[in-house]
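Reviewing the structure listed below.
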Amino acid sequence: SKEQGRNTYTFFTHKMNNDMHRRLQLEEQLRNALKNNKLEVYFQPLVDIRNRNIVGAEALLRWHNPELGNVSPDEFIPIAEQTGLIIPIGQFVIEQAFSASHHWQSHFMSQFKIAINVSPKQFREDKFVDLLTSLLAQYHINPSSVELEVTEGVLLSGDQIINSNLSAINDIGVSISMDDFGTGYSSLSYLRSYPFDTLKVDKSFINDITVDPGDLELVGAAIAMGHGLNLSVVAEGIETEEQYQLLSALKCDYGQGYLFSKPLPKAEFEALLDAQHKP
Ligand code: C2E
Ligand code: CA
Ligand code: CA
Ligand code: CA
């Protein structure tokens, strides 16, 4: 009826207004958070599957907002992308990650690996590789200890700048990792066309490997394929001992997940490294 139609219309405009309001509110607060140093980089251990030793970390952004509580990166990263704020925020993450890594490389392990998420807009900047190069020098970071994690979204547009940035990054010796492997449509052809070093099997595949033989089969195939292409393979989202045992049997190289540790503030992560290096 006409009445129902109007109600549906009102419902949608309300919802749109609310969503839009939330977005605008988040955008403004995110801008302030960056300016006022309210963003923080956490570190989640990357472990060697063979012995569970910490060999590196993934840098993950956190935003503690006094009014809104903790806002998930899954909500604020897309807003940062759409508004262009991801450019200064992305640089902030790289600097924080490099600064911490330099400290850990000189105090604990010279080969400490740091993985950093890079979003499509950042990656498409023509100055991106220049920025990366100068930050590597400024923080005294060996390029081979850095891995940039990209998702299929980075590669989808397929334009020339992506190609040239990927080869330039490869040329300076920084590694490139395909994040969320298996969730997109074209991951396989991308692996063939671009200079990847690492494949990160998405946590949605790891979740059920102990109960779903199909998922176990897929993860086994992804690991074998990765190795066949000379890539290292990381499993993300390992939460149980049983999942860990299966991945170990499948000869997965590295792992991340709550079984080992959640992402931690810098000082807490450092305490883990310290404990590992006590005789
Ligand atoms: P991602 O890159 O796939 O990161 C892995 C996510 O899985 C992280 O969520 C991490 O906290 C979570 N995780 C780790 N171990 C486990 C586990 O055992 N179980 C479960 N259920 N989850 C686990 P987080 O930190 O909320 O980040 C979400 C996404 O936001 C990231 O997914 C990434 O796409 C994006 N993101 C986070 N930080 C940055 C950043 O600095 N730059 C960019 N561009 N994106 C970022
Ligand atoms: Ca990632
Ligand atoms: Ca992922
Ligand atoms: Ca993701």
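The values are calculated or read from the model by the stated rules, or taken from the named source; none is laboratory data. The structure displayed is predicted, hence computed values, not measured ones. We place every Cβ from the backbone using ideal geometry, glycine too, and count neighbours over all the protein chains shown. The protein model used for the area step is the full one, side chains on, heavy atoms only, and it has no ligands, DNA or RNA in it. Shrake-Rupley method; radii C 1.70, N 1.55, O 1.52, S 1.80 Å.
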Item checked: the chain - percent relative contact order, Cα under 8 Å, separation 6 or more -> 18 percent
Check: Stretch Ser193-Ser72 to full length: gain in nm at 0.36 nm per residue minus the Cα-Cα span?
Finding: 40.3 nm
Next item on the list: Report ³J(HN,Hα) in whole Hz for each residue of the stretch 262-267, in order, from the Karplus equation J = 6.51 cos²θ - 1.76 cosθ + 1.60 where θ = phi - 60°; Gly and Pro get x.
Entry: 6, x, 10, x, 3, 5
Note to self: Full-extension gain between Val211 and Ser99, please, as 0.36 nm times their residue separation minus the C-alpha to C-alpha distance.
What the structure shows: 36.2 nm
Check: For the chain, what does -39500 (n - 2.57) per DSSP helix run (n ≥ 4), summed and divided by total residues, give at 222 nm, in deg cm²/dmol to the nearest 500?
Finding: -16500 deg cm²/dmol
Check: Does anyone have the angle between helix 73-83 and the longest principal axis of the chain? Alpha-carbon axes, 0 to 90°, nearest 10?
Finding: 70 degrees
Item checked: Principal semi-axes in Å for the stretch 80-192 [√(5λ), Cα gyration tensor, largest first] -> 24, 16, 13
Checklist line | Members of Lys203/Lys266; Lys113/Lys262; Lys38/Lys121; Lys113/Lys200 lying beyond 19 Å, as alpha-carbon distances in this model show | finding: Lys203/Lys266; Lys38/Lys121
Next item on the list: Might you tell me the accessible area per residue for the chain, computed with a 1.4 Å probe and given in Å²?
Entry: 51 Å²
Checklist line | Protein accessible area in the chain, 1.4 Å probe - carbon and sulfur % | finding: 52 percent
Next item on the list: Work out the FRET efficiency for Tyr258 and Gln82 from their Cβ-Cβ distance, taking R0 = 25 Å, and round it to the nearest 0.05.
Entry: 0.25
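How big is the chain by the Kirkwood estimate over distinct Cα pairs, in Å?
It works out to 20.3 Å.
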Margin query: Students often forget the sequence filter, so: which aspartates and glutamates lie under 18 Å Cα-Cα from Lys35 once same-chain residues fewer than 8 apart are removed?
Written below: Glu27, Glu67, Glu81, Glu95
